[in-house]
Amino acid sequence: MTTLSVLVPHMNDPRGFELSLRSVEAQTWKGDREVLVVDDGSTASAFQKLCEIAEASSERVRVLQNPENRGRPFTRNALLDAADGKYSAWLDAGDEWYPEKLQQQFDALYRTWTKNTKQPVWCTTNYDWQWEGGRKRPREQAVDGNQVSNLLTGKLAAYLWTLLGTTQSFRDVGRFDLRLTRLQDLDFFLRFTEKGGRLVLPDDQAPLCVYHKSDIGRRGEEVLACFEYIYEKHAAVLMRYSRKFRRNRRFEMYYHVARFAKNNDDVPRTAGYLAAAAAHNPFIFAKRMVKNRGKL
Amino acid sequence: MKIEIVSGFAEYLRPTTVDPTLYLPALGLENETTVVAHARWLQGESALGEHAGTLTSSRRVRLLVEYLADCAPRHGTVVLGLRAESITAPVDGGRAFAELVDTIRRTRFVAEVESVSRVHLRLNGNTDRVLDSLAEKLDMKRPRPSEPDRVALAGCPARIVDIDGQTSTEDAYDAMVRNYSFSVLTLASALVDRKGVFGSEQRGRLIAEHLVRSEFLIRPDVTAEAFEAELEPGAKLYELLTTPVPTREPASAESDDSGTSSELCA
């Protein structure tokens, strides 16, 4: 049995995969590990390139392939099914880990286990957020307090590629929801915390990975539909919170998808989503517009 | 998987601040499949030193062994650094160490255990004696075994590693000189009472760190007696220090040595 499986979904981005793979190679944690890639129906040339990169790497890389493009949730399920490691860490092709990430996270997991906790634990990290062509901006994860609430407000960002946990703890959450073409991470995190799971941070509060962000090709209406589905799916949880809290989630949802629409030059939808956001909470909307000088 | 337990590691080699690639060759552990398990999650706890924590319960020992197994590279070696007193302290240290070794042996992942009883720096005869003297005074270790080749600790074969400028690389040697001085200063700080030159152990450690950072080192010609004499209130410890880092002595001179959700993922 391998100690750690690094789980990488991939589609048509061999250069992004290479970037991610280099960051795995540079890890200071040198335990027994394999990189498991599931290709989700890339073109023949992209897949060929992926295999060449995998073969040239000093890491043990295992490449699997979906027979056709089946989407991110299906691919993540395939990764989890094929994972051989006692632990799993996620990494999306195109994102990077900093060298200390795994070492710090293993230490954090063990530190938690010394406290005799019975809770399932995932270790997340603070991270850098970098728009294409922009500079890195550090983001902090709020793990204190009510983590379900933190996930819903975004104070605790649901990003799989920040995580390290036992493979069993990921499997215990269940399958990734195939209906969620976007935001399947958020649903997965919510299910984990709702079942009593706990997210912890390493001692070192510095960012330990970087998210190279781009909204291009991510349609606002698709993200909106996924938000709506998640809120419906987790309605029982949402109902535990106040009306104001729920209204603000709707506000944030519309404000959030407006950004996707705007970054994809969809002006009518951008305007529509902003109007919907303003309708849910005009005060916060105005405040944010002033603060951001009209930018999303 | 093989586990190397290195006693005296924390004092002499300071693995938390020095790159392992520097000191592993000096220990004869140079191998691309060798890693050092820092076990930072147990730091700050005392019984087995900063790398093993208060392993008073078998659960903690089991966790430590699991951690070592997780850290081990494929077909490689993992090094666990312990303080010297973790093994040689009269009661607690020895018992905890025996428990650790026993657990390692019971773990199916572990193929072999080798214990290094003590890293004995042979940088300079005088400074080495200073450290020995201080450590003995603190009752931190027992006298060296008379037959070092036949040492066994808790049933483990053990060997004594002598590190000197001849066997280590240039960088490792310099790093160890720095670590060595740090060790002496830290031990010295533990010796003095609140009215002493350091005021408190914590302050002594801070001073030691500052001195080492500033490249002040214990002068090679300082004797144990002179050093100890300077640990009294009103002492002038700085007179025993030198700067910058001394060059390596020639081989012949070696004596003995409000959040928003705008970042929700999509």
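In the set (1) more than 10 Å from every other protein chain (Cβ to nearest Cβ); (2) part of a helix (DSSP H, G or I); (3) touching a strand residue (DSSP E or B) at 6+ places or on another chain (Cβ under 9 Å), A:THR112 fails one condition alone, (1).
So that you can scan it fast, the table gives a plain yes or no per residue for (1) of a type in the set (A, V, I, L, M); (2) within 9 Å of chain B (Cβ to nearest Cβ); (3) under 17 Å from the mean Cα position of the chain (by Cα):
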{"residue": "A:LYS136", "(1), (2), (3)": "no, no, no"}
{"residue": "A:TYR159", "(1), (2), (3)": "no, yes, yes"}
{"residue": "A:THR181", "(1), (2), (3)": "no, no, yes"}
{"residue": "A:GLU194", "(1), (2), (3)": "no, no, no"}
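Kindly indicate whether any position in the range A:195-211 is of a type outside the set (Ser, Thr, Tyr), farther than 25 Å from A:VAL143 by Cα and in a loop (DSSP other than H, G, I, E, B). Scanning the range A:195-211, I find no residue that is of a type outside the set (Ser, Thr, Tyr), farther than 25 Å from A:VAL143 by Cα and in a loop (DSSP other than H, G, I, E, B), so the answer is no.
Take the conditions (1) out of contact with any Lys or Arg (no Cβ under 6 Å at 6 or more places or on another chain); (2) closer than 24 Å to A:GLN168 by Cα; A:LEU36 misses just one of them, which is (1). Within the option set A:ASP128, A:ASP95, being buried (at least 21 other Cβ atoms within 10 Å of the Cβ), within 13 Å of chain B (Cβ to nearest Cβ) and among the acidic types (Asp, Glu) holds for one residue only, A:ASP95. Of the residues making up the range A:214-246, just one is under 17 Å from A:TRP129 (Cβ atoms), of a type outside the set (Gly, Ala, Ser) and surrounded by fewer than 17 Cβ atoms within 10 Å (Cβ to Cβ), namely A:ILE216. If you go through the range A:138-148 and keep only what is part of a strand (DSSP E or B) and surrounded by 15 or more Cβ atoms within 10 Å (Cβ to Cβ), you end up with just A:ARG139. Of the residues making up the range A:23-40, those that are part of a strand (DSSP E or B) and of a type in the set (Phe, Trp, Tyr) number 0.
Check A:TRP161, A:TRP122, A:TRP129 and return the single one that is in a strand (DSSP E or B) and in contact with a Leu (Cβ under 6 Å, 6 or more places away or on another chain). Walk me through it before giving the result.
On the way: A:TRP161 fails: in a strand (DSSP E or B); A:TRP129 fails: in contact with a Leu (Cβ under 6 Å, 6 or more places away or on another chain).
From the options A:TRP161, A:TRP122, A:TRP129, the qualifying one is A:TRP122.
Kindly provide the set of residues from the range A:263-296 that are within 12 Å of chain B (Cβ to nearest Cβ), assigned to a helix (DSSP H, G or I) and under 22 Å from A:LEU183 (Cα atoms), ordered by number. The answer is A:ASN263, A:ALA277. In the range A:147-158, the residues that are at positive phi form Cβ pairs under 7 Å with partners that are assigned to a loop (DSSP other than H, G, I, E, B) and β-branched (Val, Ile, Thr), at six or more places apart or across chains, as follows: A:GLY154/B:THR260.
Each reported figure results from applying straightforward, stated rules to the coordinates on display, with no laboratory input. On a predicted model such as this, the values are computed, not experimentally measured, just so you know. Counting neighbours? That spans all protein chains shown, and the Cβs are built from the backbone with ideal geometry, glycine included.
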